[in-house]
2 protein chains.
Amino acid sequence: MSHPVSPLAPAELPPLSALAGVRLAAGAAGIRYQGRTDVLLVELAPGTTVGGVFTKSLTRSAPVDWCREALAGGRARALVVNAGNANAFTGKAGWDAMEAVIKAAAETLNCRPSRVFAASTGIIGQVLPAEPFIGKLAEMTGRLAEDGWSDAAQAIMTTDTFAKAAIRETEIAGTPVRIVGIVKGSGMIAPDMATMLGFIATDAALPAPILQTLLGRATELSFNAITVDSDTSTSDTVLMFATGAAGNGPLTDAADSRLGDFQAALESLCVDLAQQVVRDGEGATKFVTVAVSGAENDGSAKKIAFAIANSPLVKTAIAGEDANWGRIVAAVGKAGEPADRDKLAVSVGGITIARDGSVVIGYDETPVAAHMKGQEIDIAVDIGLGAGKATVWTCDLTHGYISINADYRS
Amino acid sequence: MSHPVSPLAPAELPPLSALAGVRLAAGAAGIRYQGRTDVLLVELAPGTTVGGVFTKSLTRSAPVDWCREALAGGRARALVVNAGNANAFTGKAGWDAMEAVIKAAAETLNCRPSRVFAASTGIIGQVLPAEPFIGKLAEMTGRLAEDGWSDAAQAIMTTDTFAKAAIRETEIAGTPVRIVGIVKGSGMIAPDMATMLGFIATDAALPAPILQTLLGRATELSFNAITVDSDTSTSDTVLMFATGAAGNGPLTDAADSRLGDFQAALESLCVDLAQQVVRDGEGATKFVTVAVSGAENDGSAKKIAFAIANSPLVKTAIAGEDANWGRIVAAVGKAGEPADRDKLAVSVGGITIARDGSVVIGYDETPVAAHMKGQEIDIAVDIGLGAGKATVWTCDLTHGYISINADYRS
């Protein structure tokens, strides 16, 4: 279960100072892992609004179903998370276990259960043991603290080899506001939903519908633009909470120009967190950026970019430091999106390899081969048809991925 | 480039006796490989009809473009194939090289170039060197022989670890007819097109439109029902030739009931060949059958089956002999097809693990764990919604796949 820290990990966790209105405590409930924290309790100040994006999987977990319902209220007072057990595909018994934890947390924090959000991550198909978690809640409540963010980032890890967090400072109409986020994920990472677990908080005052809109936009450019292995999780959840403690003035429209800086900061934070997930991709040794331009539209560009980023043959070539651009071309061809073979251009590491459907005259592989030896690989493809563009991020496919996943459960 | 023979390989190549109207010769042109055959010339009797199915890739190879055009004529007199170079994404230079080979073959065999079919397989992005192939044609023509099938199956291999062929005997309206097929492929194998290279011949007399219909149907249940790595090739081609030497009576309709036995034999042969490709899947140690039932319709069932068969997490779990049915459930959930979590049933090795959305009471993993240790793995999923069903075949994902593909080109 314990794997060496990814070579792509950032040097250190960013300093995560307090965010007014949020207090956290991690605990060791031994749900699956021993000798480490595996449960998290977060208390949110009264009046905190909430937005959320969730997996589109049809076999989603009990907590995902719960959060989707609870989101209708727009308010949050608490969050409970456990690692090691996804409580997915567990039927009524799984739902009951989750509800028991939520009710116990609501009682401890003296709030309505419908204001408690929940997330579970880990093995699929086993009912969450509720008692170990419930047994820790009173003690954890006594330890709730504003400086608990680092501990929280640790407690939600599964096959992650490093804790992941990011922080941004910005302003809304002159009022300084902050955004803090933590995230977990390194396998079962695929596009087209809110990938993995992520929890973001801001002290900005934002009505829930605005929060939802801003989070949805940021997710599309970040968590929904990464892939490790093309497998979509049953548990993916990103929740964002706004405590309002910063005291910015009232806002009624997500399109309000005074939210421009905030949206940019949120997008930057989400991209940072999403890239950290890729940097902890199971077995990853290279961080890969795939930029597609010239597609018919942005959606088409994203599909082509993911066809490249999900291709096992492209990903193994990168692992082998092989500038095998033919596999990139083949991935474009299989994407099912408009493309014209004879207008394609491909570059790697900023060097144009092919243009107008064949290799450039006098192509010298030397600088491309040097680029492939680095840790950061840049692939750019121009389709030559329109103005659509998209960027997605992935990692290489190595023996490490096989080792981690051929014995994950056993 | 040389890898140990797949543990899933059949004990031996089936005996490939002559098929009247087809003569073959293999040669060693050194296009990419040394010390082995890498080119194939096939002569077809005058009057031979032809059908074909090809990759749907938008970055398809020059020979695929050629064959699609030539197919309009419905007649074939020759086939030229080379291994080691796909002649894909090679622009005009690649087209010219291919045309030179085709014209030389037409001259040698004294036929029209439009009756010569071609296929290339191997590395993408490099222009086929025509001269070494052309230089061999006269000598190969002198060696054309009806018993050249085994040599042919060898000559078209790339990363294949064993030669692949199948033979069927059947009848049309009382006339005995035979079908012989050879195939190559073990990586860049994905659904939804005619996967890899396959060449099938029969001595039946069949008009080209009937041949095309019968081949299309058989392909859907065989070559389009396998996946090794979800990557679609630029070169996939299956061609089928009918020499007419068997002398069965005239047929004008593919739905003619006298073709029932022939269609069944052709489907059986195609499934046999397709399964051989999976059994030579790069790095494969387990042969996996995924059967989905109870889907809304057959197309939906096939998509769900492929979501399972393409899931890296399912495939690595199988490699690790881990009965990790949670990953099967997650793959169903991500398929994007109608499914109801609470109606799903999953069985492995014939043993029901989950029913109605959760694990069966008293589930005993022991017999399932024993099944996972075998070489033939059976996964069955019932969606519980309708009558749609489909079966697809795949292999596990192992360190061998990474080893083969991280240094294929270098």
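The values are calculated or read from the model by the stated rules, or taken from the named source; none is laboratory data. In this text the structure is predicted, and so the values were computed from the model without any measurement. Counting neighbours? That spans all protein chains shown, and the Cβs are built from the backbone with ideal geometry, glycine included.
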Pairs needed: first member in region A:200-224, small (G, A, S); second member anywhere, part of a helix (DSSP H, G or I) and surrounded by fewer than 24 Cβ atoms within 10 Å (Cβ to Cβ); C-beta distance under 6 Å; at least 6 residues apart or different chains. A:A218/A:E267; A:S222/A:V271
Taking B:A201 as the residue in question, decide whether it is modelled with pLDDT of 85 or more and either in a loop (DSSP other than H, G, I, E, B) or not aromatic (F, W, Y) (or both). yes
For the subset of region B:256-292 comprising residues that are among the charged types (D, E, K, R) and in a helix (DSSP H, G or I), which member is farthest from B:A166 (Cα to Cα)? B:R258
Just the residues that are under 18 Å from A:V183 (Cα atoms) and under 17 Å from the mean Cα position of the chain (by Cα), please, taken from region A:38-60. A:G51, A:G52, A:V53, A:F54, A:T55
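Just for region B:15-30: of the residues that are of a type in the set (A, V, I, L, M, F, W, C) and in a strand (DSSP E or B), which one is surrounded by the most Cβ atoms within 10 Å (Cβ to Cβ)? First the steps, then the outcome.
Applying the first criterion (of a type in the set (A, V, I, L, M, F, W, C)) to region B:15-30 yields B:16, B:18-20, B:22, B:24-26, B:28-29.
With the extra rule that they be in a strand (DSSP E or B), the set shrinks to B:22, B:24-26.
Numbers: B:V22: 26, B:L24: 28, B:A25: 23, B:A26: 25.
Here the answer is B:L24.
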A:I304 passes all but one of the listed conditions (1) in contact with a Gly (Cβ under 7 Å, 6 or more places away or on another chain); (2) part of a helix (DSSP H, G or I); the exception is number (1)
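More than 8 Å from chain B (Cβ to nearest Cβ), within 23 Å of the chain's Cα centre (by Cα) and surrounded by 24 or more Cβ atoms within 10 Å (Cβ to Cβ): is that true of A:A390 in this structure?
On the way: more than 8 Å from chain B (Cβ to nearest Cβ): yes; within 23 Å of the chain's Cα centre (by Cα): yes; surrounded by 24 or more Cβ atoms within 10 Å (Cβ to Cβ): no.
No; evaluated as a whole, the condition is false for this residue.
For region B:269-285, state whether one or more residues are at pLDDT 90 or above and small (G, A, S).
In the first step, residues of region B:269-285 are kept if they are at pLDDT 90 or above; the result is B:285.
If we keep only those that are small (G, A, S) as well, we get none.
No; the residues of region B:269-285 include none that is at pLDDT 90 or above and small (G, A, S).
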State whether the residues of region A:236-250 include one that is out of contact with any Lys or Arg (no Cβ under 6 Å at 6 or more places or on another chain), at pLDDT below 85 and within 14 Å of chain B (Cβ to nearest Cβ). yes
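Tell me, which strands (runs of 3 or more DSSP E) lie completely within region A:31-127 with 2 or more residues that are within 14 Å of chain B (Cβ to nearest Cβ)? Walk me through it before giving the result.
On the way: elements: A:39-44, A:49-54, A:78-85, A:116-123.
Strands (runs of 3 or more DSSP E) meeting the threshold: A:78-85, A:116-123.
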Would you please list the contacts, defined by Cβ atoms under 6 Å and residues six or more apart or on different chains, that run from a residue in region A:389-402 that is in the same structural domain as A:I308 (by TED's automatic domain parsing) and closer than 18 Å to A:D322 by Cβ to a residue that is buried (at least 24 other Cβ atoms within 10 Å of the Cβ) and polar (S, T, N, Q)? A:T394/A:T227; A:L397/A:T316
Out of B:I179, B:I210, which single residue is at pLDDT 85 or above and under 17 Å from the mean Cα position of the chain (by Cα)? B:I179
For region A:53-101, what are the residues that are basic (K, R) and either touching a residue at least 12 places away in the same chain (Cβ under 8 Å) or closer than 26 Å to A:A153 by Cβ (or both)? A:K56, A:R60, A:R68, A:R75, A:R77
Note on A:S61: of the conditions (1) at pLDDT below 90; (2) small (G, A, S); (3) surrounded by fewer than 24 Cβ atoms within 10 Å (Cβ to Cβ), unmet is (3)
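Inside region A:295-321, can you point out the residues that are within 14 Å of another protein chain (Cβ to nearest Cβ) and either of a type in the set (S, T, Y) or farther than 22 Å from B:A406 by Cβ (or both)? Working first, answer last.
Quick first cut of region A:295-321, residues within 14 Å of another protein chain (Cβ to nearest Cβ) only: A:295-296, A:300, A:303-304, A:306-321.
Scanning region A:295-321 gives A:A295, A:E296, A:S300, A:K303, A:I304, A:S311, A:T316.
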Meets criteria (outside the structural domain of B:G47 (by TED's automatic domain parsing) and free of Cβ contacts under 8 Å to residues at least 60 places away in the same chain) for B:A254: no
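Give me a count of the residues in region A:247-263 that are of a type outside the set (V, I, T) and within 21 Å of A:G52 (Cβ to Cβ). Please lay out each step first, then the result.
Keep residues of region A:247-263 that are of a type outside the set (V, I, T), which gives A:247-251, A:253-263.
Then drop every residue that is not within 21 Å of A:G52 (Cβ to Cβ), which leaves A:251, A:253-255, A:259, A:262-263.
Counting residues in region A:247-263 that are of a type outside the set (V, I, T) and within 21 Å of A:G52 (Cβ to Cβ) gives 7.
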Among the residues of region A:267-287, are any under 30 Å from A:G357 (Cβ atoms) and away from chain B (no Cβ under 14 Å)? yes
Could you please let me know if A:G249 is in contact with a helix residue (DSSP H, G or I) (Cβ under 9 Å, 6 or more places away or on another chain), over 22 Å from A:G74 (Cα atoms) and assigned to a loop (DSSP other than H, G, I, E, B)? no
Suppose we filter region A:102-142 for residues that are free of Cβ contacts under 8 Å to residues at least 12 places away in the same chain and of a type in the set (S, T, Y); how many remain? 0
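Which residue, of A:A406, A:A380, is closer than 26 Å to A:V228 by Cβ and free of Cβ contacts under 8 Å to residues at least 12 places away in the same chain?
Checking each option against the conditions leaves just A:A406.
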I'd like to know if region B:318-329 contains one or more residues that are touching a Phe, Trp or Tyr at 6+ places or on another chain (Cβ under 8 Å), under 15 Å from B:F306 (Cα atoms) and not acidic (D, E). yes
For region A:325-348, check the following and say yes or no: at least one residue is without any contact (Cβ under 8 Å) to a residue 24 or more places away in the chain, facing another protein chain (nearest Cβ under 7 Å) and in contact with a strand residue (DSSP E or B) (Cβ under 7 Å, 6 or more places away or on another chain). yes
From (1) surrounded by 23 or more Cβ atoms within 10 Å (Cβ to Cβ); (2) within 26 Å of B:A284 (Cβ to Cβ), pick out the condition that doesn't hold for A:I404. (1)
